[in-house]
Amino acid sequence: MDTTRREWLRAVGGLGVVGVAGCSGTGGSGGAAEGTDRTDSETDESTSSAGRPPTADQSLYLGHDVETISDNIVSGGVPKDGIPAIDDPTFGPPDEAPLDPGDPVFGVVRDGEAKAYPQRILVFHEIVNDTVAGDPVAVTYCPLTGTAQGFERGPVEFGVSGRLVNSNLTMYDRGTDSWWPQVLATAVRGQMQGATLQEFRVVWTTWEAWRAEHPDTVVLTEDTGFQRRYGTDPYGSYNPKRGYYASDRTLFSPLESDGRADPKRVVVGTRTSEGALTFDKETVLAERVLTGDIDGTQYVAVADDVLSTAYVYANPDAVTVKAVDDGYRVDGETHAPDALPLDRTLAFDGMWFAWAGFYPGVDYVR
Amino acid sequence: MSADVAAGSQSTVTHVERLVRQTAVAVRGAFSRRDGRVTFAATSVSYLVVYLAGLRHLGLGPWGFEVSVVADPLARATRLVSPFQWEPVALVAAGPVELLVSPLNVALGAILATLVGVNLAVSVVAYRGPKACKIGPGAGAAAGLPGLLSGFACCGPTILLVVGLQASATVLTVFQWLVPFAGLALVGTLLWVGTKVDPDA
């Protein structure tokens, strides 16, 4: 690491010898250009009313009924907002970010605006209420399930309820105080029970890869408005992997146990209104193309070699997707992994036990 | 009947008063000796350091010198982030050492550290004194253990993985009560130690 975080903060105008963290109260957009890399299927627009987050037109499949999920919500040992969301995020240039090349970051691109949210910061906050390309969004991360997901938040913010289900972050919205387990993206308690959030893709990758792919990215700074010893992950480390992330034990009992893989094995999962499907991440990165199905419809996962991630597409006609040197060949043409001429479904990384717990019996392609 | 109850209450009060007096004598006696003062200082400082390290408020970080304070520190200082843990309001970096300053946690840690220090000082002096009582010097220190454990309870839950426990409502409840338990245990052991000390020795 060439630059300390203090030097970085000074560089972005955050702190001097005696500074005030988070005192600006200014909004957090990095101020870059706007555009979108979203697919329509990932961010269906629907109506939003004041004080409520916008919801999707179609509900997502749940492996348990809402009441079962609700009944299994447990205290995480902290009060509501005991883990404080970042409500006024600030962003800095990439050159002096205090990140090692292999440090995990969560990347978002909307309308050409690229932002990176370092895991080392989000592990202390779990939710960033941000505005990207003019759109109010929440970028969320649950350390215990290893899931990073983005949600449209409309006029409301999300906070950390201090509760968990299946070890997963249970968010609450500050408009209706409904509870939303992150992975499910569905309210299981409160006025909005049964509603589904609109989601967008958050890419879990390394700082080195994200920066190479998006040299104009801005990065969330440690000027979060809170004092934390960022860089000292209370659960362990991803670079190198150790502690909770490397252990085969979970902190809380999963909703269901499934021995087909180690609990912390990383899978790329997707869920639609009909069902859920998981792909072993290491396998898809090695094989580059994997297929599975949900309710008789084929889904294809393709690897993004640069970002070390995968995208999942519905492939109802079972067209051939062939990995070639510079992308993927579909119907005689070559496409980038995030731009196949198929309907992309939202997919994200997560620990196997989390997917298996929320979606009992889920297909596991490896 | 009521006369008996009144007499019983008076007897309890008298007993407690005598216990407190004896403990005070023992504490004064311990502090009148150099080994007592050294034991108190070393134990208290060590306890506070370990307590703050357990909270992950104290540790090593990137080299630098800095004091940064949050906006509105007074309001932040009383914001509870978990049972008996409050929001840090400042980060102090001195060389490789980083300290998150949560005033209420520093105060709580200092109270527990003082109690542990006094316990151990009295125990050591009693143990080494001419009329040595059968007090192990670890009695007071052992009472402080729950206070230390509580520091690891939140936000550093990997200790549960280390000890092989899975977090459950029971475990989390136990952790919530570690600090008050530590405080009571420390006061209890101090009074008990006081009873073992001969004020005339």
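Readers should treat all values here as calculations from the given coordinates under stated rules, not as data from a laboratory. Note that the structure is predicted; figures quoted are calculated from it, not measured. Cβ coordinates were reconstructed from backbone atoms using ideal geometry, including for glycine residues, and neighbour counts include every protein chain displayed.
Is the shape of the stretch A:166-243 rounded, prolate or oblate, going by the alpha carbon gyration tensor and its root eigenvalues a ≥ b ≥ c, with a/c under 1.5 for rounded and a/b larger than b/c for prolate? Prolate. Between the beta carbons of A:Glu256 and A:Gln58, assuming R0 = 35 Å, the FRET efficiency works out to 0.90 to the nearest 0.05. Here the dipole of the stretch A:305-366 is about 240 debye; that uses its Cα centre as origin and unit charges on the Cβ of Lys and Arg (positive) and Asp and Glu (negative). Distance between the pseudo-spin-label points of A:Val289 and B:Leu184 (7 Å out from Cα toward the beta carbon): 6.7 nm. Segment A:Asp363..A:Asp95, full-extension length gain: 92.3 nm, with 0.36 nm per residue of separation and the alpha-carbon distance subtracted. The helix-only estimate of mean residue ellipticity at 222 nm for chain A, built from DSSP H runs of length n ≥ 4 each weighted as -39500 (n - 2.57), is -2500 deg cm²/dmol after division by the residue total.
If R0 is taken as 41 Å, the Cβ-Cβ distance between B:Val97 and B:Arg21 corresponds to a FRET efficiency of 0.45. Put simply, when A:76-84, B:20-28 are sorted by average Cβ atoms within 10 angstrom per residue, most first, you get A:76-84, B:20-28. Close amide H partners of A:Gly225, meaning residues 5 or more places away or on another chain with modelled amide H under 5 Å apart, are A:Gly22. Rounded to the nearest 20 debye, the dipole size of the stretch B:3-64 about its Cα centre is 300 debye, using +1 on the Cβ of Lys and Arg and -1 on the Cβ of Asp and Glu.
Here the residues A:Thr224, A:Thr250, ranked from fewest to most Cβ neighbours within 10 Å of their Cβ, fall in the order A:Thr250, A:Thr224. 3J(HN,Hα) along the stretch A:329-341, derived from phi through the Karplus expression 6.51 cos²θ - 1.76 cosθ + 1.60 where θ = phi - 60°, amounts to 8, 9, 6, x, 10, 9, 10, 5, x, 9, 9, 5, x Hz, with x in place of Gly and Pro. The mean number of partner chain beta-carbon atoms within 10 angstrom of a residue's beta-carbon across peptide B:73-86 is 3. About the centre of its Cα atoms, the stretch A:93-156 shows a dipole size close to 200 debye [charges on the beta carbon of Lys, Arg (+1) and Asp, Glu (-1) only; nearest 20 debye]. Each of A:His125, A:His214, A:His335 has some number of other Cβ atoms within 10 Å of its Cβ, and from fewest to most they run A:His335, A:His214, A:His125. Answer rounded, prolate or oblate for chain A, using the Cα gyration tensor with square roots of eigenvalues a ≥ b ≥ c: rounded when a/c is under 1.5, else prolate when a/b is larger than b/c, else oblate. Since a/c stays below 1.5, the shape of chain A is classed as rounded.
Using the Cβ-Cβ distance between B:Arg128 and B:Thr12 with R0 set to 30 Å, the FRET efficiency from 1/(1 + (r/R0)^6) comes to roughly 0.35.
Computed across the stretch A:266-365, the Kirkwood radius stands at 13.4 Å (inverse of mean 1/r, all Cα pairs).
Inter-chain Cβ neighbour count for B:56-62, averaged per residue, equals 4 (cutoff 10 Å, partner chain atoms only).
For A:Thr206, the residues whose modelled amide H falls within less than 5 Å of its own, excluding neighbours fewer than 5 places apart on the same chain, are A:Val105. With neighbours defined as other Cβ atoms within 10 Å of a residue's Cβ, the residues B:Glu87, A:Glu333 order from fewest to most as A:Glu333, B:Glu87. Listed values for the stretch A:253-264 are Karplus-derived 3J(HN,Hα) couplings in whole Hz (6.51 cos²θ - 1.76 cosθ + 1.60, θ = phi - 60°), namely 5, x, 4, 9, 9, 9, x, 5, 8, 4, x, 9, and x replaces Gly and Pro. Across the stretch A:139-154, computed HN-Hα scalar couplings (Karplus, 6.51 cos²θ - 1.76 cosθ + 1.60, θ = phi - 60°) run 9, 10, 8, 10, x, 6, 10, x, 10, 10, 9, x, 9, 6, 10, x Hz from first to last residue, x flagging Gly and Pro. If the chain linking B:Trp177 and B:Leu80 were pulled fully straight, counting 0.36 nm for each residue of separation and taking away their Cα-Cα distance, it would gain 33.4 nm.
Exceeding 20 Å between C-alpha atoms, which entries from my cross-link table qualify? They are A:Lys115/A:Lys281; A:Lys115/A:Lys264; A:Lys241/A:Lys281. Violating the 20 Å limit, Cα to Cα: A:Lys115/A:Lys281; A:Lys115/A:Lys264. Taking 7 Å steps out from each Cα toward its Cβ at B:Thr170 and A:Ala339 produces label points 5.8 nm apart.
Taking amide H as placed 1.01 Å from N in the peptide plane, A:Tyr245 has its amide H under 5 Å from the amide H of A:Ser237, each at least 5 places away in sequence or on another chain.
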